[in-house]
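Note sheet for the following structure.
The values are calculated or read from the model by the stated rules, or taken from the named source; none is laboratory data. Since the model is a prediction, treat every value here as computed from it, not as a measurement. Cβ: placed from backbone, ideal geometry, glycine included. Neighbour counts: every protein chain shown.
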Amino acid sequence: MDSKYNHAEALQVLFSDYLKNKKLRNTAERNAIFSTVCRTNDSFTLDMIRKQLEDVHFIVSRASVYNTIELLLDANIVVRHQFNGSITQYELKHIAEQYDHLICTRCGTVRKVQNDKLRNVLIHHKIPKFTMEHYSLQFFGICSKCKYRIAQEVAQTNKIQKTK
């Protein structure tokens, strides 16, 4: 079988066990939301999950999506991201752990980068009196597109000043 399938299956068992331990029902809505999240290989918002469910004619309230995502956060299956004060995004923990994020302070673009050497240092770094569950590393700077635009604006400004 495909390792992606095995991973989704393991997450399903983890979520089912979590619900049992918390004495919560394993409802059709929760399962549909959970399955949609598991099929998402990138960051997502609550509205994206709702829309994907509506596209297959499974109507759920925003509150149901929010509450299920909160359960997935508590179960340590999903992590929350909020870049530059933008809309809250979520991501499967096992995917989020593979990447760090580059965030442009000008346009807000978020780009994922993979640095296994840095990741291994962070994962194996022992912090006294602290047990790390997961980490999120974010680099803030200016993306190449914004840097190009800034250079163009400076060049234009210099050109105007020279003609005066």
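In table form, for the structure just shown:
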{"quantity": "Enumeration of residues in the stretch 59-91 that are closer than 19 Å to D42 by Cα and polar (S, T, N, Q)", "calculated": "T68, N76, Q82, N84, S86, T88, Q89"}
{"quantity": "Single condition L72 does not satisfy, out of (1) under 19 Å from Y135 (Cα atoms); (2) in contact (Cβ under 8 Å) with a residue 60 or more places away in the chain", "calculated": "(2)"}
{"quantity": "Elements of type helices (runs of 4 or more DSSP H) in the stretch 9-96, at least 1 residues being more than 26 Å from R111 (Cα to Cα)", "calculated": "28-39, 46-55, 62-74"}
{"quantity": "Among residues of the stretch 114-132, those that are part of a helix (DSSP H, G or I) and not hydrophobic (A, V, I, L, M, F, W, C), counted", "calculated": "5"}
{"quantity": "Count - residues of the stretch 124-148 that are within 28 Å of V78 (Cβ to Cβ), surrounded by 12 or more Cβ atoms within 10 Å (Cβ to Cβ) and out of contact with any Ser or Thr (no Cβ under 7 Å at 6 or more places or on another chain)", "calculated": "4"}
{"quantity": "Residue match in the stretch 23-41 (condition: among the acidic types (D, E), more than 20 Å from F139 (Cβ to Cβ) and touching a Ser or Thr at 6+ places or on another chain (Cβ under 9 Å))", "calculated": "yes"}
{"quantity": "Filtered residue count, the stretch 8-30, keeping only those that are within 14 Å of I77 (Cα to Cα) and either without any contact (Cβ under 8 Å) to a residue 24 or more places away in the chain or not assigned by TED's automatic domain parsing to the domain that holds S64 (or both)", "calculated": "5"}
{"quantity": "Cβ-Cβ under 8 Å pairs, at least 6 apart or on other chains, the stretch 124-152 side among the small types (G, A, S), far side assigned to a helix (DSSP H, G or I)", "calculated": "S136/A96"}
{"quantity": "The stretch 40-68 - residue that is more than 12 Å from the chain's Cα centre (by Cα) and in contact (Cβ under 8 Å) with a residue 24 or more places away in the chain and, of those, surrounded by the most Cβ atoms within 10 Å (Cβ to Cβ)", "calculated": "T68"}
{"quantity": "Conditions (1) touching a residue at least 12 places away in the same chain (Cβ under 8 Å); (2) within 24 Å of Y135 (Cβ to Cβ); number of the one not met by R80", "calculated": "(1)"}
{"quantity": "Among residues of the stretch 98-130, those that are on the phi < 0 side of the Ramachandran plot and under 18 Å from the mean Cα position of the chain (by Cα), counted", "calculated": "15"}
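Listed here are the residues, each with its yes/no results for (1) crowded, with 16+ Cβ neighbours inside 10 Å; (2) closer than 29 Å to D17 by Cα.
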site	(1), (2)
E70	no, yes
V79	yes, yes
S86	no, no
K112	no, no
I150	no, no
I160	no, no
